[in-house]
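Each remark here refers to the structure printed beneath this line.
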Amino acid sequence: KLACGADHVEAIEPSEEGSHGYRLWNDTPSSSVALAAGADYERFALDELAIPIEVFFLPGHEEEARLFATYARDILSDYQERFGPYARTRLTIVENPNKNGLSMAADGIVWLSSLFFTHRNVTLPGILNRYAEFVLAHEIAHQWWGVGTGVDLNAQNWLSEGMAQYLSISYFEGRHGEFGPNTFPVDEKGILENLVRSQFGFMNLREHQIELPYIQGVERGFDEALIKPLDEVAYENATGVRLYDKGYLVARTIAAALGKETFEKGLREAGLRFRHRRIDVEDLRAVLEEVSGQPLEEIFRVWVYEAGSVDYAIEIVSRV
């Protein structure tokens, strides 16, 4: 069975030798033709949607496939309302059996780690549902930033990973709340539930999975500028934190300066204006300045081009 991100897939009659062929084509430009193939894949689809969603999964994982297709439907609806139309005519999700738990995206297709299919109910039923939803939201966000709108993945990968984090975290917090415990829901009462609640029930996705790793990186001296070629990066061990976590925090800083509504209006305009082309940091800054009417040169200089970092500290505690 073939899973691919093309707008259209047409099977070709098997040859006399027994080989199978497919014709793939897209209605608009794409940066790649990405596909997965395997004899064991099964397919679940929401074909009735305006943007059909299909999930290719391994045997025994139909329940997860149905759940993730539903998540994808809601994510697409949210992103299209906020950031403009989806770039392709359908979305394909593939269970990725990679042993390292890799999830990734390409034109019209998302690979979601098989760990979310096999370990979704580890410890407690549905304990990883929300985290799987967040990762899926991040990978689908690349259809707007990093794939649908191309970027320089060498020196300016912040425009891909940082913006995908911004889209996915804002989506997640819109559904599950911005503050307080929102990562691991524990609804039932019992000994095991109490243990999980006491050890992990306090976790907030943004505070513990995004902000905390960045703060720890700064404290250990690993912080550096977002925009720089890979061969100039000093701390490769902190590259993920720099691009994903600091990238999100810088995007949020710019959103705070402009106002969230204005910032997202600028992201929408920039994404549509440069769809199927490559955008760079100065292009984004120009669009945001145009939409907001505010100069952003100083913010971009400090937070994007230089190693500006956030200093979190409690100056005084008082009791009233």
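The values are calculated or read from the model by the stated rules, or taken from the named source; none is laboratory data. Just so it is clear, the structure is predicted and the values come from calculations on it, not from any experiment. Every residue, glycine as well, gets a Cβ built from its backbone with ideal geometry; the counts of neighbours run over all protein chains shown. Each accessible area value is taken on the protein alone, full model and side chains, heavy atoms only, with ligands, DNA and RNA left out. Shrake-Rupley method; radii C 1.70, N 1.55, O 1.52, S 1.80 Å.
Could you tell me whether any residue of the range 232-242 is within 21 Å of Thr149 (Cα to Cα), open to solvent by 70 Å² or more (accessible area, probe 1.4 Å) and outside any helix (DSSP H, G or I)? No. Residues of the range 183-227 that are closer than 20 Å to Phe134 by Cβ, among the small types (Gly, Ala, Ser) and free of Cβ contacts under 8 Å to residues at least 12 places away in the same chain: none at all. For beta carbons closer than 8 Å, sequence separation of 6+ or different chains, a first residue in the range 270-294 that is closer than 22 Å to Ala87 by Cα and among the small types (Gly, Ala, Ser) and a second that is open to solvent by less than 30 Å² (accessible area, probe 1.4 Å) and in a helix (DSSP H, G or I), the qualifying pairs are Ala270/Leu284; Ala270/Val287; Ala270/Leu288; Gly271/Phe83. Any residue in the range 118-143 that is charged (D, E, K, R) sitting within a Cβ distance under 8 Å of a residue that is surrounded by 17 or more Cβ atoms within 10 Å (Cβ to Cβ) and in a loop (DSSP other than H, G, I, E, B)? List the pairs, counting only those 6 or more apart or interchain. Matching pairs, first to second residue: Arg120/Ile127; Arg120/Leu128; Arg130/Asn182; Arg130/Thr183; Arg130/Phe184; Glu139/Ser103.
Taking the range 47-67 as the range and being assigned to a helix (DSSP H, G or I), free of Cβ contacts under 8 Å to residues at least 24 places away in the same chain and out of contact with any Phe, Trp or Tyr (no Cβ under 8 Å at 6 or more places or on another chain) as the test, only Glu63 passes.
Which pairs do you get when a residue that is within 14 Å of Ala137 (Cα to Cα), found in the range 152-167, comes within reach of a residue that is assigned to a loop (DSSP other than H, G, I, E, B), reach meaning Cβ atoms under 6 angstrom, with the pair 6+ apart or on two chains? Pairs that qualify, where the first residue is within 14 Å of Ala137 (Cα to Cα) and the partner is assigned to a loop (DSSP other than H, G, I, E, B), are Ser160/Trp145; Ser160/Gly146; Ser160/Val151; Met163/Trp145; Ala164/His142; Ala164/Trp145. Screening Ser32, Ser19 for residues that are under 29 Å from the mean Cα position of the chain (by Cα), farther than 18 Å from Phe57 by Cα, loosely packed, with under 13 Cβ neighbours inside 10 Å and of a type in the set (Ser, Thr, Tyr) leaves exactly one candidate, Ser32. Leu205 meets each of the listed conditions (1) more than 20 Å from Gln156 (Cα to Cα); (2) surrounded by fewer than 19 Cβ atoms within 10 Å (Cβ to Cβ); (3) not small (Gly, Ala, Ser) apart from (2).
Please specify each residue of the range 260-277 satisfying the condition of being open to solvent by 30 Å² or more (accessible area, probe 1.4 Å) and in contact with a helix residue (DSSP H, G or I) (Cβ under 6 Å, 6 or more places away or on another chain). Of everything in the range 260-277, those that are open to solvent by 30 Å² or more (accessible area, probe 1.4 Å) and in contact with a helix residue (DSSP H, G or I) (Cβ under 6 Å, 6 or more places away or on another chain) turn out to be Thr262, Lys265, Arg268, Glu269.
The numbered conditions (1) assigned to a loop (DSSP other than H, G, I, E, B); (2) closer than 20 Å to Val55 by Cα; (3) among the polar types (S, T, N, Q); (4) open to solvent by 20 Å² or more (accessible area, probe 1.4 Å) are all true for Asn154 except (2). Pairs linking a residue in the range 232-246 that is at negative phi and at pLDDT 95 or above to a residue that is among the polar types (S, T, N, Q) and surrounded by fewer than 14 Cβ atoms within 10 Å (Cβ to Cβ), with Cβ atoms under 6 Å and 6 or more positions apart or on different chains, do not occur.
Within the range 115-145, the residues that satisfy the criterion of being out of contact with any Phe, Trp or Tyr (no Cβ under 8 Å at 6 or more places or on another chain), open to solvent by less than 20 Å² (accessible area, probe 1.4 Å) and either farther than 24 Å from Ala6 by Cα or part of a loop (DSSP other than H, G, I, E, B) (or both) are Arg120, Leu124, Gly126, His142, Trp145.
Identify, please: which residue in the range 247-259 is farther than 14 Å from Gln156 by Cβ and in contact (Cβ under 8 Å) with a residue 60 or more places away in the chain and is, among those, most open to solvent (accessible area, probe 1.4 Å)? This residue is Arg252.
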